[in-house]
Amino acid sequence: MRQVLNLQVLQHVVNVDTITKDKVSVKVAVAVQYEVIAGKEAEAVYKLSRPETQIETYVFDVVRSLVTTQDLDEVFNSKGTIAEAVNRELTEDMKGFGYSIVKALVTEIDPDAKVKEAMNNINAAQRDAQPPTPRVKPRRPCASRPPKPSATPTSSRAKASRSSAWPSSTVWHSRSKT
């Protein structure tokens with residue numbers, strides 16, 4: 001049987017359920033982009049029948065080893081660190097199977113629904129405790145902008161046109177034919 005090998009960059013999303021150091025259940029989604037290394041097509045076909053399964057195994061291992069040592073807040077702040085660790089581990093291990101890891105990205109960190117609700121309540125309480133901020137900031141003149149023209153024209157041309165205007169007491173009459 002003949003096997004077809006895809007040479008495009010492929011993406012596999014791995015969802016990892018784990019627990020943080022502060023005992024919060026969290027789902028971490030990691031997107032791994034990978035491709036066959038040029039010249040290593042035989043290794044990609046004969047050494048590994050399902051690269052996705054191998055990728056999942058490494059991602060589970062790396063994510064669980066890092067997330068369990070961090071509090072939930074630290075996990076949210078270390079998405080880049082987790083992605084770099086996954087990328088480093090996968091790059092080294094998948095090379096022997098004829099695959100190159102293009103990029104690994106942590107695309108989502110999703111805590112348990114009860115934890116999200118509690119976090120939203122805490123944030124709402126913090127917002128309520130803060131004094132309200134003014135919605136409109138007072139405008140200050142900017143030195144780099146030219147001054148706005150005033151409502152009454154002050155240029156010499158404008159003054160001349162005002163002085164030559166018809167006085168308001170002038171009344172126009174139409175001639176009637178008699």
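Put a dot 7 Å past the Cα of Tyr46, heading toward its Cβ, do the same for Gln11, and the two dots end up 3.3 nm apart.
Suppose R0 equals 35 Å. What FRET efficiency, 1/(1 + (r/R0)^6) with r the Cβ-Cβ distance, do Ala118 and Glu84 give to the nearest 0.05? Efficiency for this residue pair is about 0.70. Evaluated at q = 0.17, 0.25, 0.27 Å⁻¹, the base-10 log of the normalised Debye intensity for segment 61-128, with identical point scatterers placed on the Cα atoms, takes the values -0.71, -1.09, -1.17. The equivalent ellipsoid that matches the C-alpha gyration tensor of segment 1-120 spans semi-axes of 32, 13, 11 angstrom, in descending order. For segment 1-66, a Kirkwood hydrodynamic radius built from all Cα pairs, placed in the Stokes-Einstein relation at 25 °C and 0.890 mPa s, yields a translational diffusion coefficient of 179 µm²/s. Distance cut-off 23 Å, Cα to Cα: go down the list Lys40/Lys103; Lys47/Lys95; Lys27/Lys95; Lys21/Lys116; Lys27/Lys103; Lys27/Lys116 and report the pairs above it. Over 23 Å Cα-Cα: Lys27/Lys95.
Throughout, read-outs are computed from the coordinates displayed, never taken from laboratory work. Just so it is clear, the structure is predicted and the values come from calculations on it, not from any experiment. FYI the Cβ positions are ideal-geometry reconstructions off the backbone, even for glycines, and counts take in every protein chain you see.
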